[in-house]
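Below is one structure, written out as structure tokens; the observations come after it.
The values are calculated or read from the model by the stated rules, or taken from the named source; none is laboratory data. From a predicted model like this one, the values you see are computed outputs, not experimental measurements. Here the Cβ is made from the backbone with ideal geometry for all residues, glycine too, and neighbour counts use every protein chain on show.
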Amino acid sequence: MKMAWRFTPLALAVTGALGLSAHGSIYGTMSNFDIYNETETEAHGAEIELEGIDSFDLSRTFPAHFDNKSVDLYNDASGSGVRIKYTGYNFGGRTSLAPTVGTSTNGHTCVNTPGCEHFGFSTIGASPTGAKFYWLDVNGMRIGGAPQQIPFSGYNYIPAAGGGAPRLEVEIEPVEVHPQRADSVWLKLFKTKFERAVDLDELMSNNGIVPEDAAETETEWELLEEGRPKQFKDDLDDGSVKAIIRRFEYYTYTGPYDEEHEVNSAWTGEGDPPAGELGQFISANMEAANLEAPARTHGDFNNDGQVDAADFTLYRDNHGREDDDIADADEDGMIDEADVEVWRTYYGVPFAHNALAASSAVPEPTSVMLAISAGLALVVAVRKR
């Protein structure tokens, strides 16, 4: 059965209900990705290690085909952070993921595809300084001891200085898999800017949010050499930008190395990778950084700019669910009574692109509100039975 975790209520009440102003900081970051089991061993579980964050920074993880999940803090010689561990693979009668050569996906194909899996996580405020992904064997141990060759981004908000605009920096560094030589990967990157904050569940292909078209290509190809981070910058001089979304495609580098184990590619920095240097697909990763709180953290669960009865319907229909952020106002990984209290607080308050109205008195309960309250009591009573 799935295990849930709880966060400090006061911290969540402050960040979830009040939000952070656009261009004042990063409200949160998220990652949604496909990955194949490209080890030589059947995988029965998986582990995501997020460096530099605490348990209250992690708001949720995306559902996957595993019976058990744990979220634990770690503090050892490698650093400190949070480890999300899945065990008990269970999908379509299968109890393990067989080794499979990866093929290109749109970043959300592996939700229902045997041989690969889909994972996701989101944070509030703090962004992981690094991340690693491991497949686990039948005993819950890391297969091969080394992480899979999938890079994750680190985000850093730089305030405005000297008359310039604030900016968001994104840094990517290939994961060290083989200590005796460089581990390099090919990257293809798409980017779009959005005028509202987004949720983890929205980072899906073919939904009009995640960039996929050639016109949204930030870089056609980039060779990421191990130990040499690649940085991308976004100026935030336009106050309408509330989220920046990137879609990463990673492929192995199969070109030559010199005697010092340094990349010796024939690539000139433009055009496609040279023949023989572009290897198999590794992963498609869809990431986003929010510069303000998503609408649902104010009770606007359907993101239509109003907190009304329609939002309560979404809450009612999803009450008791875990790992689904559609009506999770306080970002604690569960849809429960605390979320409807946020909705009740902001009932009737208008929004503009998710932004909380600067000041507005909470209206007195109307007949609609009273009827909904009665319905809430019935929902809770039925759930408890």
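For the reader, a short list of remarks on this structure follows.
- Given (1) part of a helix (DSSP H, G or I); (2) modelled with pLDDT of 85 or more, index of the condition MET369 fails: (2)
- Residue match in the stretch 290-300 (condition: part of a loop (DSSP other than H, G, I, E, B), over 17 Å from the mean Cα position of the chain (by Cα) and modelled with pLDDT under 95): yes
- Residue in the stretch 279-296 that is surrounded by fewer than 24 Cβ atoms within 10 Å (Cβ to Cβ) and over 30 Å from ALA243 (Cβ atoms) present: yes
Rundown of residues vs (1) surrounded by 14 or more Cβ atoms within 10 Å (Cβ to Cβ); (2) of a type outside the set (D, E, K, R); (3) not assigned by TED's automatic domain parsing to the domain that holds ILE282, yes/no style:
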{"residue": "GLY125", "(1), (2), (3)": "yes, yes, no"}
{"residue": "PRO128", "(1), (2), (3)": "yes, yes, no"}
{"residue": "TYR134", "(1), (2), (3)": "yes, yes, no"}
{"residue": "ARG142", "(1), (2), (3)": "yes, no, no"}
{"residue": "GLY145", "(1), (2), (3)": "no, yes, no"}
{"residue": "GLN148", "(1), (2), (3)": "yes, yes, no"}
{"residue": "PHE152", "(1), (2), (3)": "yes, yes, no"}
{"residue": "ALA160", "(1), (2), (3)": "no, yes, no"}
{"residue": "GLY164", "(1), (2), (3)": "no, yes, no"}
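- Set GLU195, GLU220: member being surrounded by fewer than 20 Cβ atoms within 10 Å (Cβ to Cβ), in contact (Cβ under 8 Å) with a residue 40 or more places away in the chain, in contact with a Ser or Thr (Cβ under 6 Å, 6 or more places away or on another chain) and of a type outside the set (A, V, I, L, M, F, W, C): GLU195
- Residue match in the stretch 179-186 (condition: in contact with a Leu (Cβ under 7 Å, 6 or more places away or on another chain) and modelled with pLDDT under 90): yes
- Matching entry among SER55, SER78 (being surrounded by fewer than 16 Cβ atoms within 10 Å (Cβ to Cβ), assigned by TED's automatic domain parsing to the domain that holds GLY279 and in contact with a Phe, Trp or Tyr (Cβ under 9 Å, 6 or more places away or on another chain)): SER55
- Residue list for the stretch 208-232, filter: over 16 Å from the mean Cα position of the chain (by Cα) and assigned to a loop (DSSP other than H, G, I, E, B): GLY208, GLU212, ASP213, GLU225, GLU226, GLY227, ARG228, PRO229
- Within the stretch 88-103, considering residues that are of a type in the set (Gly, Ala, Ser) and in contact with a Pro (Cβ under 9 Å, 6 or more places away or on another chain), the one surrounded by the most Cβ atoms within 10 Å (Cβ to Cβ): ALA98
- Taken across the stretch 308-315, residues that are at pLDDT below 90 and not in a helix (DSSP H, G or I) do not occur at all.
- The residue that is surrounded by the most Cβ atoms within 10 Å (Cβ to Cβ), among those in the stretch 231-269 that are in contact (Cβ under 8 Å) with a residue 12 or more places away in the chain, among the acidic types (Asp, Glu) and more than 26 Å from ALA160 (Cα to Cα), is GLU249.
- VAL82 under 19 Å from LEU200 (Cα atoms), touching a residue at least 60 places away in the same chain (Cβ under 8 Å), among the β-branched types (Val, Ile, Thr) and not in a loop (DSSP other than H, G, I, E, B): no
- Of all residues in the stretch 23-77, those satisfying the criterion of being polar (S, T, N, Q) and touching a residue at least 24 places away in the same chain (Cβ under 8 Å) are SER25, THR29, SER31, ASN32, ASN37, THR39, THR41, SER55, SER59, THR61, ASN68, SER70.
- Output for the stretch 268-288, where each listed residue is of a type in the set (S, T, N, Q) and either assigned to a loop (DSSP other than H, G, I, E, B) or in contact with a His (Cβ under 9 Å, 6 or more places away or on another chain) (or both): THR268
- Summed over the stretch 327-345, the residues that are buried (at least 22 other Cβ atoms within 10 Å of the Cβ), under 11 Å from VAL307 (Cα atoms) and of a type outside the set (Val, Ile, Thr) give a count of 1.
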